[in-house]
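The values are calculated or read from the model by the stated rules, or taken from the named source; none is laboratory data. Note that the coordinates shown come from a computational prediction; the quantities given were computed from them, not determined experimentally. Positions of Cβ are backbone-derived with ideal geometry, glycine not excepted, and every protein chain shown enters the neighbour counts.
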């Protein structure tokens with residue numbers, strides 16, 4: 001009479017062991033090496049692909065980011081550096097921030113207008129459907 005219980009307990013123990021052994025083994029394995037982040041080359045960043053492998057690797061990306069930051073700073077100085085001393089004074093920086101705020105407000109107004117237009121569009125469509133559904137006599 002004890003034989004079926006022992007057999008059933010043994011099968012249960014074996015199933016539990018089989019279920020968790022692969023988990024423990026995979027947790028002990030070292031993580032696979034992560035591939036470095038790359039960017040596909042296109043017409044805007046092809047000059048940064050020094051080794052011509054068709055991808056921008058980490059070193060090339062660092063050079064690209066530094067170059068773009070330098071160009072951005074040059075554009076800001078050209079536009080806002082009134083006294084041409086090579087840096088933005090507090091008044092010049094305030095003008096830059098005011099221009100940014102103005103652009104944000106304009107963008108928000110355009111977005112609100114577009115959203116209002118979307119809200120009004122379904123009402124216009126319903127009117128058109130009713131006109132089409134009404135038979136002409």
Within region 44-72, tally of residues that are assigned to a helix (DSSP H, G or I) and closer than 28 Å to residue 86 by Cβ: 14
The lone exception for residue 94 - which of (1) part of a helix (DSSP H, G or I); (2) modelled with pLDDT under 90 it fails: (2)
When residues of region 53-63 are limited to those that are touching a helix residue (DSSP H, G or I) at 6+ places or on another chain (Cβ under 7 Å) and either closer than 12 Å to residue 41 by Cα or in contact (Cβ under 8 Å) with a residue 24 or more places away in the chain (or both), the one surrounded by the most Cβ atoms within 10 Å (Cβ to Cβ): 56
Check on residue 27, at pLDDT below 90, surrounded by fewer than 10 Cβ atoms within 10 Å (Cβ to Cβ) and outside any helix (DSSP H, G or I): no
Filtered residues of region 101-137 (kept if at pLDDT below 60 and assigned to a helix (DSSP H, G or I)): 123, 124, 125, 126, 127, 128, 129, 130, 131, 132, 133
Neighbours by Cβ (under 6 Å, 6+ apart or cross-chain): first from region 82-106, loosely packed, with under 10 Cβ neighbours inside 10 Å; second modelled with pLDDT under 95 and not in a helix (DSSP H, G or I): none
Condition broken by residue 78, with the remaining ones in (1) in a helix (DSSP H, G or I); (2) surrounded by 10 or more Cβ atoms within 10 Å (Cβ to Cβ) satisfied: (2)
